[in-house]
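The values are calculated or read from the model by the stated rules, or taken from the named source; none is laboratory data. If you're wondering where the values come from, they're calculated on a predicted model, not measured in any experiment. Neighbour counts run over all protein chains shown; Cβ positions are idealised from the backbone, glycine included.
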Ligand SMILES: Cc1ncc(COP(=O)(O)O)c(C=O)c1O
């Protein structure tokens with residue numbers, strides 16, 4: 001299909017073409033039901049099957065067993081910023097936050113509404129261009145949990161090796177890098193992610209939670225805010241976002257067919273290397289925002305010699321069918337988001353465009 005462009009937007013983001021084609025092929029008549037998936041009641045066998053398969057696929061891809069549940073919720077990752085402290089930060093405990101960008105700052109701000117918090121490390125100095133070293137992290141006395149953001153979408157930084165703090169529950173916002181490469185998911189008590197970057201369309205938020213965290217969610221908070229409610233009802237306590245969960249499941253099937261997380265991780269390294277090498281070999285024409293040891297495989301952030309050139313770059317790239325490259329205002333410059341569904345060909349095209357742009361303007 002040659003009228004597809006290369007979409008480098010940070011999210012909602014590009015989706016696998018095979019998935020879109022499958023959706024299209026069964027849109028009018030889902031599995032001989034005589035209706036579209038968009039019209040199906042969630043209290044039916046076809047939807048229950050989708051929901052169950054999506055949970056199983058997610059656990060399989062993460063290598064998790066029966067001691068975890070996968071919930072499909074609404075409200076975006078932003079709602080999780082509040083739901084997490086509502087469920088776990090009661091009774092005078094303290095929650096520790098490691099600040100690596102605006103999204104972790106927002107998570108902290110919400111937690112402050114519900115209890116005591118402690119900043120265990122921050123790399124705000126230097127505009128979040130790196131991930132803290134382990135020796136910079138100072139936990140509070142007995143944190144009820146530690147919260148991290150595994151990939152910082154705006155700054156283009158990512159934890160290369162994810163931390164672990166022994167028996168202290170570890171919680172991660174993985175909105176922009178879930179399933180991007182292999183990692184020890186069993187080190188986490190809770191992982192959450194809005195789907196619209198690496199998992200599917202917007203409208204569903206995935207929460208992967210260890211079962212022991214479902215045991216005593218406070219009864220004083222609303223049923224919709226308690227993880228326990230959604231786990232007991234297999235994410236169908238209220239009407240779920242049927243279409244988003246259906247598509248998410250197709251993306252998970254696609255990922256399995258690609259060879260799973262290990263294979264996609266290798267491809268993501270190959271893709272990121274194409275662009276980072278171009279930056280590093282440009283003699284300073286392109287300057288990366290992130291420190292080299294904190295570089296993200298998912299979002300590549302870079303500057304040009306001046307803002308005028310940055311504007312021209314984004315405009316001309318768009319004319320060359322490379323869209324969504326304008327950076328976030330808090331970093332400026334350019335950002336190429338290259339989630340799992342972005343092809344090697346897309347990154348190769350970006351590399352060639354960058355080299356040619358430098359030749360003309362350098
Ligand atoms: C790391 C991270 N966390 C949270 C969010 C907010 O997600 P949502 O829009 O689903 O609330 C984003 C959005 O870009 C993000 O990149």
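Could you check, for the stretch 58-68, whether at least one of its residues is free of Cβ contacts under 8 Å to residues at least 24 places away in the same chain, touching a helix residue (DSSP H, G or I) at 6+ places or on another chain (Cβ under 6 Å) and buried (at least 18 other Cβ atoms within 10 Å of the Cβ)?
The answer is no, given that none of the residues of the stretch 58-68 is free of Cβ contacts under 8 Å to residues at least 24 places away in the same chain, touching a helix residue (DSSP H, G or I) at 6+ places or on another chain (Cβ under 6 Å) and buried (at least 18 other Cβ atoms within 10 Å of the Cβ).
Being closer than 24 Å to residue 268 by Cβ and more than 14 Å from the ligand (Cβ to nearest atom) narrows it down to one residue among 170, 199, 139; which is it?
Answer to the selection: 170.
Six or more apart or on different chains, Cβ under 7 Å: which pairs go from a residue in the stretch 126-153 that's closer than 27 Å to residue 330 by Cα and modelled with pLDDT of 95 or more to one that's more than 16 Å from the ligand (Cβ to nearest atom) and assigned to a loop (DSSP other than H, G, I, E, B)? Could you list them?
129/291; 130/291; 134/163; 146/139; 146/165; 146/168; 148/163
Looking only at strands (runs of 3 or more DSSP E) that lie completely in the stretch 103-199, which have at least 2 residues being farther than 21 Å from residue 63 by Cα?
116-122, 145-149
Which one is nearest to residue 244 (Cα to Cα) among residues in the stretch 173-190 that are within 12 Å of the ligand (Cβ to nearest atom) and in contact (Cβ under 8 Å) with a residue 60 or more places away in the chain?
Within the stretch 173-190, the match that is nearest to residue 244 (Cα to Cα) is 175.
Every residue in the stretch 55-90 that is assigned to a helix (DSSP H, G or I), under 27 Å from residue 253 (Cβ atoms) and either in contact with a strand residue (DSSP E or B) (Cβ under 6 Å, 6 or more places away or on another chain) or away from the ligand (no atom under 16 Å from the Cβ) (or both), please.
Listed by number, the residues that qualify are 55, 56, 57, 58, 59, 60, 61, 62, 76, 77, 80.
If a residue has to be in contact (Cβ under 8 Å) with a residue 60 or more places away in the chain and in a loop (DSSP other than H, G, I, E, B) to count, how many in the stretch 34-54 make the cut?
3
Quick check: anything in the stretch 136-149 under 30 Å from residue 273 (Cβ atoms) and within 12 Å of the chain's Cα centre (by Cα)?
The answer is yes, given that some residue of the stretch 136-149 is under 30 Å from residue 273 (Cβ atoms) and within 12 Å of the chain's Cα centre (by Cα).
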